[in-house]
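Only one structure is covered here, and it is reproduced in the block below.
The values are calculated or read from the model by the stated rules, or taken from the named source; none is laboratory data. All values derive from a computational prediction rather than experimental measurement. Quick reminder, even Gly has a Cβ in these numbers, built from the backbone with ideal geometry, and neighbours come from all protein chains shown.
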Number of protein chains: 2
Amino acid sequence: MAHTAEIIAVGTEILLGNIANTDAQFLSQALNSIGVNVFYHTVVGDNPERLRQALNIARQRADIILTTGGLGPTYDDLTKQTICEVFGRPLVLHPELEEAIRTYYESNLHRRMPANNLQQAMLPENCTIFHNAVGTAPGCAFEEGGVHVLMLPGPPHECRTMTERCAIPYLRALSSEVLVSHDIMTFGIGESAVEEMLHDKMVVMTNPTLATYAKPAEALVRATAKAATLEEAETMLAPVVEEVVSALGSFVYGVDVASLPERCFRLLKEQGLTLATAESCTGGQLGQWITAIPGSSAVYRGGVVSYWTEVKASVLGVPQETLDTYGAVSAETARAMAEGVRKLTGADVALSVTGVAGPDSDDRGNPVGTVFVGLAAPDGTFCRSLQLGKRRRDLVRHNACNHAFDALRRYLTGLDPETLSAK
Amino acid sequence: MAHTAEIIAVGTEILLGNIANTDAQFLSQALNSIGVNVFYHTVVGDNPERLRQALNIARQRADIILTTGGLGPTYDDLTKQTICEVFGRPLVLHPELEEAIRTYYESNLHRRMPANNLQQAMLPENCTIFHNAVGTAPGCAFEEGGVHVLMLPGPPHECRTMTERCAIPYLRALSSEVLVSHDIMTFGIGESAVEEMLHDKMVVMTNPTLATYAKPAEALVRATAKAATLEEAETMLAPVVEEVVSALGSFVYGVDVASLPERCFRLLKEQGLTLATAESCTGGQLGQWITAIPGSSAVYRGGVVSYWTEVKASVLGVPQETLDTYGAVSAETARAMAEGVRKLTGADVALSVTGVAGPDSDDRGNPVGTVFVGLAAPDGTFCRSLQLGKRRRDLVRHNACNHAFDALRRYLTGLDPETLSAK
């Protein structure tokens with residue numbers, strides 16, 4: 001039987017708009033990935049009466065209720081008390097928790113536990129305790145009248161860690177089946193085109209299933225199988241993943257890879273190559289993306305942000321004639337930028353981006369969204385010419401960076417870096 | 001009388017965790033800013049039965065219901081039909097809308113309106129139409145039995161634009177009072193320290209009010225006044241803003257400014273100065289932030305990402321002796337990086353960042369969070385030395401960038417860029 005979940009976030013800061021409810025997003029992904037349907041998200045403030053009402057509504061329409069937030073030691077943290085009241089469970093002191101919290105204070109925070117933190121050692125009677133590996137507030141789970149209630153902390157890092165380590169194993173144990181997914185990541189083909197290509201397959205499949213999801217300027221296909229064991233699920237998935245990968249061809253940049261920069265990082269590392277970047281309209285974003293990956297210094301030497309045309313000439317050595325004849329936003333300049341930074345840093349391969357991010361056209365009349373991606377390598381220099389459309393500045397830049405890493409990915413896997421095709 | 005609002009997002013993609021409910025965050029900010037209390041957020045999928053239930057719950061606990069999403073032309077867009085059913089309003093064709101949508105297709109998208117888009121011209125009878133300036137799906141508002149229902153599109157850009165242009169004016173008109181806020185932006189002092197400094201004032205004030213909010217590594221103080229007219233509200237706010245600014249001293253980097261880079265951009269522009277950046281652990285993020293601002297080419301020349309030590313020496317000209325003696329993560333290297341990029345690009349001022357972003361300490365044993373920010377200017381070179389704590393890689397980098405721009409902001413306003421103080 002499929003379970004139905006509701007996620008209740010407790011926190012006035014969400015209702016004030018100070019933060020987005022990212023805990024609910026993460027939890028929804030995690031729950032869907034193990035086959036639990038999420039039918040509602042609710043957000044209430046730090047107000048016991050409104051939380052009580054929300055819990056009473058939720059227990060009628062869901063058999064799994066997950067709460068986030070309100071587990072802290074201060075007076076406005078009321079989640080536990082209110083849940084215990086609604087579900088008729090006494091709130092009792094768990095001595096082993098008191099010890100754990102005291103130890104966390106003394107060894108991680110190097111100070112004594114404040115008295116009001118003792119409150120955090122209070123949990124419902126006969127519950128499964130979820131230890132907090134990265135904070136002090138423990139979570140827990142219990143079952144009452146056929147409804148499972150799981151309480152998780154609000155800070156995203158704590159919520160995430162506890163979900164992975166405690167909540168997901170707890171929920172998996174409710175079912176005798178396992179659900180396994182693999183994500184086939186594509187770039188350069190829209191979600192609707194992917195869907196069209198796989199449509200005939202998707203409609204007839206029931207287990208495994210295929211679903212498509214759009215990420216900004218990307219699309220992913222998730223293949224999911226339900227089986228009695230992990231091994232069985234994997235055996236069912238292997239041919240399906242293979243079939244999708246072969247249908248989508250080189251639009252696929254990886255299976256279960258987080259992003260194009262991540263894929264490039266691994267390819268560079270495997271091949272023992274180093275990278276440099278030269279950026280104009282993206283202003284440092286290529287570098288920022290690759291260095292967001294821990295360990296990126298193994299492959300990334302550095303780069304130049306040549307925002308002014310003078311810097312393109314003086315630092316990167318783009319010939320003045322190229323700049324005068326073709327302009328700063330041109331295939332010729334993109335090539336020269338990539339070649340220049342490759343030479344300057346001694347990297348094996350180099351990426352460059354020059355373009356018009358907007359909001360206005362450039363002085364040569366190139367419209368917003370005109371972007372050139374250069375790639376310089378030992379065996380030559382390549383250029384991808386793009387019209388990304390008149391969009392918001394951040395979207396043009398985001399998409400330009402993805403194209404640059406896609407050109408690199410295609411180059412490193414023996415494909416033509418200049419064109420987007422399934423071949 | 002204060003109004004009470006509930007925001008209902010309609011969209012299975014939120015329940016799948018594909019996107020966060022950022023519409024609700026933006027709407028909550030907008031509603032709170034005009035004095036409307038938001039007591040609940042609800043998310044339901046593209047399912048008419050569950051939406052019906054959510055609407056029936058909402059109309060009992062809120063007098064303003066805002067929905068986002070489900071206004072598109074496809075079969076799973078059911079918001080309008082379901083709302084009309086629940087509130088007993090017929091759904092009718094608005095001929096002027098049909099014309100507007102047809103024109104939008106022909107002049108913006110250069111193609112004929114698909115037949116199913118006619119559905120978007122159907123809205124409840126006798127409603128206030130909200131025209132969509134950046135998409136095709138119109139929104140609307142009506143009142144039924146004391147409850148105001150506002151329907152907004154789901155795509156964040158459309159939701160935002162329609163909220164600002166249509167929903168907020170509609171809601172403002174419900175009240176005879178205006179609510180005006182000013183945000184006093186601070187950096188370098190925690191939210192709790194700000195609160196402590198202003199506590200005595202905050203507890204006794206009723207109109208205007210003061211509230212503090214935490215942004216990542218920043219804090220802002222919002223002063224809000226309620227009055228019969230805009231002018232009256234501004235007159236009430238002026239002395240309060242002045243008092244807060246004077247209490248928090250130079251921790252305040254601006255009033256109603258979006259961010260530290262934005263403030264620096266304006267200062268540079270006013271003073272006719274240009275900037276360059278040299279980055280190690282931030283990998284391009286300083287450049288990325290400043291170039292995210294439209295028009296930044298007026299002040300930003302460019303920069304170098306010297307991720308490898310060799311690049312610090314060869315491109316930026318950091319003396320090998322400095323690198324050997326003090327290491328790549330040191331005040332001396334930070335200073336030399338800033339001086340080097342200033343010379344290389346011809347900029348008036350230059351910022352540099354070198355540090356350990358983690359997850360591991362560097363080879364000299366500098367712990368994660370060790371960061372040096374350099375600033376080179378015509379009258380000398382400065383350095384801010386920081387221990388940002390053993391945090392997540394992205395947080396260390398984010399905080400390092402903020403410190404760099406804060407050093408620049410302090411320098412450009414005649415303060416000591418090296419230290420964080422109220423003076």
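Within the stretch A:269-294, the set of residues being more than 7 Å from every other protein chain (Cβ to nearest Cβ), surrounded by fewer than 24 Cβ atoms within 10 Å (Cβ to Cβ) and either touching a residue at least 40 places away in the same chain (Cβ under 8 Å) or in contact with a helix residue (DSSP H, G or I) (Cβ under 8 Å, 6 or more places away or on another chain) (or both) comprises A:K269, A:Q271, A:L273, A:T274, A:I293. Within the stretch B:41-59, does at least one residue satisfy the condition of being crowded, with 20+ Cβ neighbours inside 10 Å, hydrophobic (A, V, I, L, M, F, W, C), in contact with a helix residue (DSSP H, G or I) (Cβ under 7 Å, 6 or more places away or on another chain) and over 25 Å from A:K215 (Cβ atoms)? Checking the stretch B:41-59: at least one residue is crowded, with 20+ Cβ neighbours inside 10 Å, hydrophobic (A, V, I, L, M, F, W, C), in contact with a helix residue (DSSP H, G or I) (Cβ under 7 Å, 6 or more places away or on another chain) and over 25 Å from A:K215 (Cβ atoms).
Cβ-Cβ under 8 Å, sequence separation 6+ or interchain: first residue in the stretch B:98-118 and under 13 Å from B:N132 (Cβ atoms), partner of a type in the set (F, W, Y) and at pLDDT 75 or above. Which pairs? Here the result reads B:N117/B:Y105, each pair linking the stretch B:98-118 to a residue that is of a type in the set (F, W, Y) and at pLDDT 75 or above.
The condition of being surrounded by fewer than 23 Cβ atoms within 10 Å (Cβ to Cβ), under 24 Å from A:R301 (Cβ atoms) and among the hydrophobic types (A, V, I, L, M, F, W, C) holds for only one of A:L420, A:L375, A:L344, that being A:L344. Determine, yes or no, whether A:G374 is in contact with a helix residue (DSSP H, G or I) (Cβ under 9 Å, 6 or more places away or on another chain), within 13 Å of chain B (Cβ to nearest Cβ) and of a type in the set (G, A, S). No; evaluated as a whole, the condition is false for this residue.
Of the residues B:G254, B:G249, the single one that is more than 14 Å from every other protein chain (Cβ to nearest Cβ), more than 28 Å from B:K312 (Cβ to Cβ) and part of a strand (DSSP E or B) is B:G254. Taking the criterion of being within 14 Å of chain B (Cβ to nearest Cβ) and either without any contact (Cβ under 8 Å) to a residue 12 or more places away in the chain or aromatic (F, W, Y) (or both), the residues of the stretch A:190-227 that qualify are A:S192, A:Y213, A:K215.
Of all strands (runs of 3 or more DSSP E) completely enclosed by the stretch B:340-395, which ones contain at least 3 residues that are under 29 Å from the mean Cα position of the chain (by Cα) and within 19 Å of B:I290 (Cα to Cα)?
B:349-355, B:370-377
Applying the set (1) touching a strand residue (DSSP E or B) at 6+ places or on another chain (Cβ under 7 Å); (2) within 8 Å of chain B (Cβ to nearest Cβ); (3) among the polar types (S, T, N, Q); (4) under 24 Å from B:S28 (Cβ atoms) to A:Q53 leaves exactly one unmet item: (1). Taking the stretch A:23-40 as the range and being in contact (Cβ under 8 Å) with a residue 40 or more places away in the chain and in contact with an Asp or Glu (Cβ under 8 Å, 6 or more places away or on another chain) as the test, the residues that pass are A:A30, A:G35.
Sort out which residues of the stretch B:339-370 are more than 14 Å from chain A (Cβ to nearest Cβ), in contact (Cβ under 8 Å) with a residue 40 or more places away in the chain and closer than 21 Å to B:D324 by Cβ, and write them in order of number. Answer for the stretch B:339-370, where residues must be more than 14 Å from chain A (Cβ to nearest Cβ), in contact (Cβ under 8 Å) with a residue 40 or more places away in the chain and closer than 21 Å to B:D324 by Cβ: B:E339, B:T370. Of the listed requirements (1) within 30 Å of B:D360 (Cβ to Cβ); (2) touching an Asp or Glu at 6+ places or on another chain (Cβ under 6 Å), A:A292 misses just one: (2).
Residues that are β-branched (V, I, T), facing chain B (nearest Cβ under 9 Å) and either crowded, with 22+ Cβ neighbours inside 10 Å or touching a Gly at 6+ places or on another chain (Cβ under 9 Å) (or both) are absent from the stretch A:323-338 altogether.
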